[in-house]
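To start, the structure under review is shown below, and the notes come after it.
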Amino acid sequence: MTDASDILFRYWGFESFRPMQEEIIATALAGGDVLAIMPTGGGKSVCFQVPALMREGVALVITPLIALMKDQVQNLEDRGIKALSIHAGMTRREVDLALNNAAYGDCKLLYVSPERLGTQLFRSYLDVLKVSFIVVDEAHCISQWGYDFRPDYLRIGELRKVLDAPVIALTATATPKVAEDIMERLSRYPEADPRRMAKTAEDKAGVGGFTMIRSSFERPNLSYIVRESQDKYGQILDICKGVGGSGIIYMRHRRKCEEVAAYLAAGGVSASFYHAGIGPELRTRRQAEWKMGTIRVMVCTNAFGMGIDKPDVRFVAHMSPPDSLEAYFQEAGRAGRDGLRSYAVLLWNATDLRNMKQILDVSFPPLDFIADIYQKLHIFYGIQYETGVSRQLKFDLVEFCTHFALPQAQTRYALRYLEQSDHITYSEDIDIATQVKIVTDRDQLYEIDFPDPKMTALLEILMRRHPGIFSYPVTIDEERIGAELGIGVPLLRQLLYGISLEHVIRYVPADHSTVITLHHNRLEPGNVNLLPDKYDFLRKAAEDRLAAMTEYATESSLCRSRFLLDYFGQEESADCGCCDVCRTHGRKGPDTESVVKKYAREHPGFTFDELSEWSRDPRNGAPSDILAVCREMMDKGEI
């Protein structure tokens with residue numbers, strides 16, 4: 001049988017796995033459930049894509065990140081691996097077709113957004129889908145202790161009752177409490193089953209029958225810098241000019257992204273902005289320009305960065321503290337993936353701390369306000385009582401709030417809590433692809449005298465690519481069809497619009513919108529259960545995360561790296577020697593002997609060749625004299 005290394009080389013061209021990848025794959029292939037906690041950029045996707053190619057059937061990959069889902073499907077297709085995706089914004093017919101291809105075709109990976117798990121259509125295919133693995137990406141979303149809890153993730157536990165397949169759960173950020181909660185909720189064993197509390201090796205102890213494989217959160221090449229600043233614009237300009245290479249600057253608000261990008265550009269910095277409101281084509285172009293280096297610094301909201309594998313980011317700066325250390329650690333970790341010296345900078349002031357507390361209060365509007373938003377949502381769309389289940393509503397927050405004279409921020413968070421209490425799914429800023437249906441008989445098409453010969457050529461491409469286009473609307477890939485026709489997307493859209501004016505096609509242009517999915521029929525006032533105990537629990541968890549973020553910003557005596565490592569449950573650590581606190585107090589980082597001893601603890605029975613190979617990987621930040629020091633320690637009998 002082909003082994004994992006052969007698959008890795010054949011499809012990805014890598015001769016060896018990164019640390020932890022092979023162990024995660026081996027655990028999954030042996031039929032065990034595994035929780036992998038790996039830092040951003042640690043190569044999580046390979047951990048489930050390789051085993052998916054080594055087993056019959058299709059790996060079910062559950063992820064909330066639609067943009068990342070589309071990128072991974074495209075990347076797999078480019079490598080000759082059949083993959084499909086199901087997410088918000090797709091028609092029922094498109095979902096049905098994808099599920100049918102996954103069940104009866106040669107698909108190896110099926111990406112599914114979590115809200116699709118509870119639909120009747122998806123569940124109707126469970127008996128015929130031969131699922132090889134259940135992959136849970138962003139696994140912290142299943143934990144109510146986590147910073148990004150998604151109720152739809154709780155349905156994954158229900159899948160385990162009907163699918164006999166091992167789980168591969170992955171996350172970059174999980175505190176010990178969150179990790180335990182993930183394993184409990186995904187366990188295949190009933191609570192009374194003794195196997196539920198099975199333990200593996202001492203350093204990989206798990207619960208619920210899971211093996212937990214956790215990498216070190218240390219980033220020896222990353223300098224954490226925190227600055228209290230009253231002149232953030234001046235500070236960020238100094239950072240951009242003082243640190244070479246690519247950079248990311250995270251902002252809380254879209255409008256501020258544009259302001260800061262313009263300020264930096266006026267100061268001579270190659271900068272642009274990116275947020276979810278600028279449209280899919282512009283986002284794609286700017287992301288590509290930043291990856292190529294045409295744009296050096298990207299000023300953005302947290303919509304930017306997911307799935308971007310750019311190793312040479314020299315700095316990530318936050319113009320104000322995020323809501324949690326989990327979010328901060330994940331975003332800051334996009335710097336320095338090539339192992340070279342890089343910087344994670346956080347700017348803050350007293351105003352930020354006051355704003356964070358105010359945002360927390362706005363984030364949890366009163367329960368009676370939330371109940372009122374529930375009713376107004378149905379009134380806005382004319383949905384009567386006892387109707388509406390599974391409806392997808394194209395939603396405009398500004399229009400909705402204007403109509404009812406509502407505060408936008410509180411309304412948005414009310415909708416978020418309606419999602420958390422399992423009444424709706426609230427999918428913000430998703431891309432809805434162009435759809436086309438031919439409404440003229442096939443025989444009549446060739447009798448039509450189109451004003452542009454490209455229209456005829458376009459219709460022939462559409463018919464060849466989409467045999468069902470006469471029966472139902474199909475989603476088209478504008479870039480691929482445009483390339484086949486030898487034109488750009490703007491001209492392609494002009495042609496489609498022109499054909500629609502001839503009453504030959506029904507053309508629904510691409511859109512970028514928020515979509516709300518109703519989980520049940522409209523309930524009458526007083527019958528909407530908003531789970532007040534859960535509300536109190538979630539507020540307390542948010543307060544704790546805010547307190548931790550505030551402490552990190554204001555702490556001036558503890559090494560930044562040690563603070564973060566302790567928060568994520570890594571007990572053994574040393575001063576990094578390169579953060580602002582260590583520099584202020586003249587502390588040095590761990591000496592080479594300490595690095596060797598730590599490696600020996602984490603790799604019992606290691607060989608000198610293994611240490612040599614590990615030290616050559618720049619991501620590990622190994623000291624240049626590690627091999628010489630290791631030999632000396634071996635000669636002395638210390639290891």
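Rule-based calculations on the coordinates, nothing more; no lab input. Owing to the predicted nature of the structure, the values given are computational and were not obtained by experimental measurement. All Cβ positions, even for glycine, are placed from backbone atoms using ideal geometry, and neighbour counts span all protein chains on display.
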Q. Quick one: what Rg and Dmax do you get for region 4-214 from the alpha carbons, in Å?
A. 16.2, 49
Q) For the cross-link pairs LYS82/LYS130; LYS256/LYS376; LYS177/LYS357; LYS82/LYS437, which exceed 20 Å when the distance is taken from alpha carbon to alpha carbon? A) LYS256/LYS376; LYS177/LYS357; LYS82/LYS437
(Q) At a 10 angstrom cut-off on C-beta neighbours, averaged per residue, how do the peptides 536-546, 346-356, 130-140 rank from highest to lowest? (A) 130-140, 346-356, 536-546
(Q) Which one, GLN287, GLY247, ASN302, is farthest towards the positive end of the dipole of region 239-315 when Lys and Arg carry +1 and Asp and Glu -1 on their Cβ? (A) ASN302
Q: Could you work out the local net charge near ILE295, counting Lys and Arg as +1, Asp and Glu as -1, over the other residues with Cβ closer than 11 Å to its Cβ?
A: +3
Q) Can you give the charge dipole size of the chain about its Cα centre, rounded to the nearest 20 debye, using +1 on the beta carbon of Lys and Arg and -1 on the beta carbon of Asp and Glu? A) 500 debye
Q | Counted charge near SER45, where neighbours are those whose Cβ lies closer than 15 Å (Asp, Glu -1; Lys, Arg +1) | A | -1
Q) When percent of Cα pairs over 43 Å apart is calculated directly from the model, which label among (1) 26; (2) 49; (3) 39 fits? A) (1)
**Q.** Hull-based mean projected area of region 435-509, where the convex hull spans the alpha carbons, in square nanometres
**A.** 4.3 nm²
**Q.** Intensity falloff of region 592-635 expressed as log10 I(q)/I(0), Debye formula with alpha-carbon point scatterers, at q = 0.14, 0.15, 0.32 Å⁻¹
**A.** -0.26, -0.30, -1.49
Q: Nearest 5 is fine: what % of DSSP beta bridges in the chain come out antiparallel, could you say?
A: 25 percent
(Q) Quick check: residue separation of GLN235 and ALA288 times 0.36 nm, minus the Cα distance between them. What number comes out in nm? (A) 16.4 nm
**Q.** Whichever aspartates and glutamates have a C-alpha closer than 15 Å to that of LYS540, once near sequence neighbours (fewer than 8 apart) are set aside
**A.** ASP148, ASP323, ASP361
Q. For region 222-348, what is Rg from Cα atoms divided by 2.2 N^0.38 Å, rounded to two decimals?
A. 0.94
Q. Taking Cα centroids, how far is region 557-587 from region 417-485 in Å?
A. 54 Å
Q. Net charge near LEU485, counting Lys/Arg +1 and Asp/Glu -1 over other residues with Cβ under 13 Å of its Cβ?
A. -1
Q) Which lysines, on any chain, are close to LYS636 with Cα under 26 Å apart, when same-chain ones fewer than 8 places away are left out? A) LYS588, LYS597, LYS598
Q) If the chain between SER390 and GLU572 were fully stretched, how many nm would it gain, using 0.36 nm times the residue separation less the Cα-Cα distance? A) 60.6 nm
Q | Pairs of alpha carbons in region 351-462 whose separation is greater than 17 Å (percent) | A | 68 percent
(Q) With N set to the number of residues, divide the alpha-carbon radius of gyration of region 1-86 by 2.2 N^0.38 Å and report two decimals. (A) 1.06
Q) Out of PHE400, ILE134, ALA98, whose Cα points farthest toward the positive end of the dipole of the chain (charges: +1 Lys, Arg; -1 Asp, Glu; placed on Cβ)? A) PHE400
